[in-house]
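Structure first, then comments.
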Amino acid sequence: MSAVTKVTGRAIPLPGDDIDTDRIIPARYLRCVSFDGLGAYAFEDDRRQNPDHNFNDDRYNGSSLLFCGRNFGCGSSREHAPQSLNRWGIKAIIGESFAEIFFGNCLAMGVPCATTSAADATVLREAAAKDVTAEFVLDVVGQTVTGAGLTISVGIPDGARAAFLEGTWNATSVLLDASDAIDRTAQSLPYVTGFGP
Amino acid sequence: MPAVAISTPESIFPPFSIGGAHPRPKTSQLAIRIKTMGKTLLDKVWDAHTVRQMPNGQTQVFVGLHLIHEVTSPQAFAMLRELGLAVNYPQRTFATIDHIVPTQSQTRPFADTLAEQMTQALTDSCKEHGIQFFDLASKQQGIVHVIGPEKGLTQPGMTIACGDSHTSTHGAFGSIAFGIGTSQIRDVLATQCLAMAKPKLRRISVNGTLRPGVYAKDVILAIINKLGVKGGVGYAYEYAGSTIAAMSMEERLTICNMSIEGGARFGYINPDQVTYDYLEGRERSPKGEAFTQATKYWDSLRTDADAIPDDEITIAAEDIAPMVTWGITPDQSVAVDEPIPAAATFATEDQPLIDEAQRYMQFAAGDTLAGKPIQVAFIGSCTNGRLSDLRIAAEAVRGHKVAKGVRALAVPGSMEVARQAEAEGLPQIFREAGFEWRRAGCSMCLAMNPDKLKGDELCASSSNRNFKGRQGSPTGRTLLMSPAMVAAAALAGVVTDVREVSA
């Protein structure tokens, strides 16, 4: 598994706060047994209702970064939401704050979610809207976003940041390393051993 | 604050000194003093399930109960196959189908070929890995968060994970229960563990007696209204106080269910006699002497009297009125008889969202929700699809008729809930009133099945989310409220203050 030290590319800005995962991928697209093809349905209903939605704007095709607002990805735990964004092309997300399950899903996929101040989240979105060709860089090591003449400091929680930098964001093999300790913990739990005396 | 020595019931199991106990930082006198003070249930359960601190600083947490359903697990089993891994603890995972299952005819194969394909995928995976599957044929199928408690699978002091955000429901028993995504389901299947960070703890105390017509649903909607949909990010919620203590297990399940709507990944209630009375005699509960030993262990997990949460708020039960949401997030709610607030009364940065919500819902500031015509009434879901919810709604509609032009659904949360409701004659009461009595499933809460809103229908709903398009129509509109309020709205054809009906 590879380390994620930085993500480079153009950025697509997304106005609004509290954008839930039902809006990122409506439930009807969850009737599937594979994540393949979900990229085409990112923000499907929002795009239909709002012709000016940035995911309808071809100039943003090929963007690797998504700039958002507050509490992005709230609601349903569906990994289909970050999977659809990732399959659309998004490799990192920067915003004021993220819902925790969404953040955890992105971490497990190797997609960093970095937080910044409310003011800087607005500055970034305005910069990406003003110049759709601007290249941005999320530096996971230095915890900054640079581009369009800006340098913005961002935050990634220590454990998640270490997982990206070490390339251990796909946790399965790391968790399996402790297989003896897993069994010891299980055997120490009264409900596993049947509440014996 | 001085540390006060308070004696707490000693456990016959001193499980919290077991290897992997989570050391608090000893960087200050304060930290040392806090350590000598009491522990919260979160501290105790977290420590007992800590396998180790991982090299990257996360905690490896053992998952005591893993629940899976048809929507978020097929891809996880596919990942497992790609890795060539087995399921580590197949006896600690249980499966059911709920999201996509139709609630009219449940004969296989389903008319919806995608739903049939997903059901078959789960059937095959369970068979391959030796996982017990509460499928339709078992007659034990239901919404995953309804069958866990009713079978006695959900117990105090467990860590519980499921690929569904409403896993927070199970916290009602004093367990640490949270939603995960598909890659994390893969991790639990392969290792029975997750890599996690421990949240902070906010205690929410509700004290006093609820007024007539006010239910657990109103309490949690009021809490979310007060703290906001992101207020719980980074926190677990501990619900406490005399109002919570007086609640039944089913009411407590409603409270914990919506923790995630307030941004808290999980919420819990300390176990007590109400919890034990519910659990005793359940199929998967400990039996005989083991049950006695279990209650002693569960008592030991309760938050110590001298434990200090990271944050604390208090709410007076008497201040809570029947609540209805007016917007597109679960914190956009108001008492049924009060006006919808103007955007100008919110912080500047929140005003665009308020405007967007009122535009989408076709409501104006100053409107009162009481009197708004509805087209659909939905009683069901993991929030309010249990027997006590159906009883309250049936009592309200007994001998009355659903208003002309209103489509009304009553959907039991599980096959077992349906059997109990049938034994009490509830389906007949609903049908005579003009409700459709359906089979167990998630139904119109999320519309991954044939139960959906059409166009911009307005739905009085006992479910948990009022997001844009949530109930299956991209322009559908949801009003969250208690089952009693849904029943009242179904009969009147308009949103109705249940206090005026019962007066």
Notebook entry, point to check: Restricting the first residue to the range B:57-86 and requiring it to be charged (D, E, K, R) and at pLDDT 95 or above, which pairs with a second residue that is in a strand (DSSP E or B) and open to solvent by less than 10 Å² (accessible area, probe 1.4 Å) meet a Cβ separation below 9 Å and a spacing of at least six or different chains?
Noted result: B:E70/B:A95; B:E70/B:T96
Check: In the range B:286-309, is there at least one residue being more than 11 Å from every other protein chain (Cβ to nearest Cβ), among the polar types (S, T, N, Q), assigned to a helix (DSSP H, G or I) and open to solvent by 20 Å² or more (accessible area, probe 1.4 Å)?
Finding: no
Notebook entry, point to check: Of the residues in the range B:194-224, how many are small (G, A, S), surrounded by fewer than 21 Cβ atoms within 10 Å (Cβ to Cβ) and closer than 25 Å to A:G104 by Cα?
Noted result: 1
Next item on the list: Using the structure shown, decide if A:S2 is within 15 Å of the chain's Cα centre (by Cα), more than 14 Å from every other protein chain (Cβ to nearest Cβ) and assigned to a loop (DSSP other than H, G, I, E, B).
Entry: no
Checklist line | Verdict on A:S179 being more than 19 Å from the chain's Cα centre (by Cα), surrounded by fewer than 16 Cβ atoms within 10 Å (Cβ to Cβ) and modelled with pLDDT of 95 or more | finding: yes
Check: Does A:E135 count as open to solvent by 10 Å² or more (accessible area, probe 1.4 Å), touching a Lys or Arg at 6+ places or on another chain (Cβ under 7 Å) and acidic (D, E)?
Finding: yes
Margin query: Which condition from (1) crowded, with 21+ Cβ neighbours inside 10 Å; (2) in contact with a Lys or Arg (Cβ under 8 Å, 6 or more places away or on another chain) is the one that B:S461 breaks?
Written below: (2)
Checklist line | Selection status of B:A357, part of a helix (DSSP H, G or I), at pLDDT 95 or above, surrounded by fewer than 22 Cβ atoms within 10 Å (Cβ to Cβ) and among the small types (G, A, S) | finding: yes
Check: Do any helices (runs of 4 or more DSSP H) entirely within the range A:97-186 hold 2 or more residues that are more than 14 Å from chain B (Cβ to nearest Cβ), and if so, which?
Finding: A:118-130
Next item on the list: Please specify each residue of the range B:94-119 satisfying the condition of being open to solvent by less than 70 Å² (accessible area, probe 1.4 Å) and farther than 11 Å from B:M448 by Cα.
Entry: B:F94, B:A95, B:T96, B:I97, B:T103, B:S105, B:Q106, B:F110, B:E116, B:M118, B:T119
Next item on the list: Hey, can you tell me all the residues within the range B:249-268 that are aliphatic (A, V, I, L, M), in contact with a Ser or Thr (Cβ under 8 Å, 6 or more places away or on another chain) and open to solvent by less than 10 Å² (accessible area, probe 1.4 Å)?
Entry: B:M249, B:L253, B:M258, B:A264
Checklist line | Where a residue in the range B:102-130 is more than 10 Å from chain A (Cβ to nearest Cβ) and over 12 Å from A:V33 (Cα atoms) and its partner, wherever it lies, is open to solvent by 90 Å² or more (accessible area, probe 1.4 Å) and modelled with pLDDT of 95 or more, with Cβ under 6 Å and at least six apart | finding: B:P102/B:P450; B:T103/B:R439; B:Q106/B:R439
Checklist line | Verdict on B:D337 being outside any helix (DSSP H, G or I), under 25 Å from the mean Cα position of the chain (by Cα) and surrounded by 14 or more Cβ atoms within 10 Å (Cβ to Cβ) | finding: no
Margin query: Residue under question is A:G62, and the condition is that it be assigned to a loop (DSSP other than H, G, I, E, B) and touching a residue at least 12 places away in the same chain (Cβ under 8 Å); does it hold?
Written below: yes
Notebook entry, point to check: What single numbered condition from (1) open to solvent by less than 30 Å² (accessible area, probe 1.4 Å); (2) closer than 30 Å to A:D46 by Cα fails to hold for B:K372?
Noted result: (1)
Notebook entry, point to check: Just checking, which of A:G89, A:G104, A:G69, A:G62 is crowded, with 22+ Cβ neighbours inside 10 Å and over 9 Å from the mean Cα position of the chain (by Cα)?
Noted result: A:G69
Next item on the list: Please find, within the range A:76-96, the residue that is nearest to A:Y29 (Cα to Cα) out of those that are within 13 Å of another protein chain (Cβ to nearest Cβ) and in contact with a strand residue (DSSP E or B) (Cβ under 6 Å, 6 or more places away or on another chain).
Entry: A:S77
Check: Can you tell me which residues in the range B:476-502 are without any contact (Cβ under 8 Å) to a residue 40 or more places away in the chain and either more than 13 Å from B:S461 (Cα to Cα) or among the polar types (S, T, N, Q) (or both)?
Finding: B:E500
Check: Which members of the range B:46-71 meet the condition of being in contact with a helix residue (DSSP H, G or I) (Cβ under 6 Å, 6 or more places away or on another chain), open to solvent by 10 Å² or more (accessible area, probe 1.4 Å) and assigned to a loop (DSSP other than H, G, I, E, B)?
Finding: B:N56, B:G57, B:Q58
Note to self: Filter the range B:77-89 down to the residues that are away from chain A (no Cβ under 11 Å) and buried (at least 16 other Cβ atoms within 10 Å of the Cβ) and list them by number.
What the structure shows: B:V87
Next item on the list: Any chance you could count how many residues in the range B:61-76 are in contact with a Ser or Thr (Cβ under 9 Å, 6 or more places away or on another chain) and at the interface with another protein chain (Cβ under 7 Å from one of its Cβ atoms)?
Entry: 5
Next item on the list: Answer with yes or no whether B:A447 is within 30 Å of B:T119 (Cβ to Cβ) and open to solvent by 20 Å² or more (accessible area, probe 1.4 Å).
Entry: no
Notebook entry, point to check: How many residues does the range B:233-264 hold that are assigned to a helix (DSSP H, G or I) and either within 14 Å of chain A (Cβ to nearest Cβ) or touching a Leu at 6+ places or on another chain (Cβ under 9 Å) (or both)?
Noted result: 9
Next item on the list: Could you please tell me which pairs satisfy a Cβ distance under 6 Å, a separation of 6+ or placement on different chains, a first residue in the range B:415-440 that is surrounded by fewer than 21 Cβ atoms within 10 Å (Cβ to Cβ), and a second residue that is modelled with pLDDT under 95?
Entry: B:R439/B:Q106
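The values are calculated or read from the model by the stated rules, or taken from the named source; none is laboratory data. These figures come from a predicted structure and were not determined experimentally. Neighbour counts run over all protein chains shown; Cβ positions are idealised from the backbone, glycine included. Just so you know, the surface numbers come from the protein's heavy atoms only, side chains and all, with ligands and any DNA or RNA stripped out. Shrake-Rupley method; radii C 1.70, N 1.55, O 1.52, S 1.80 Å.
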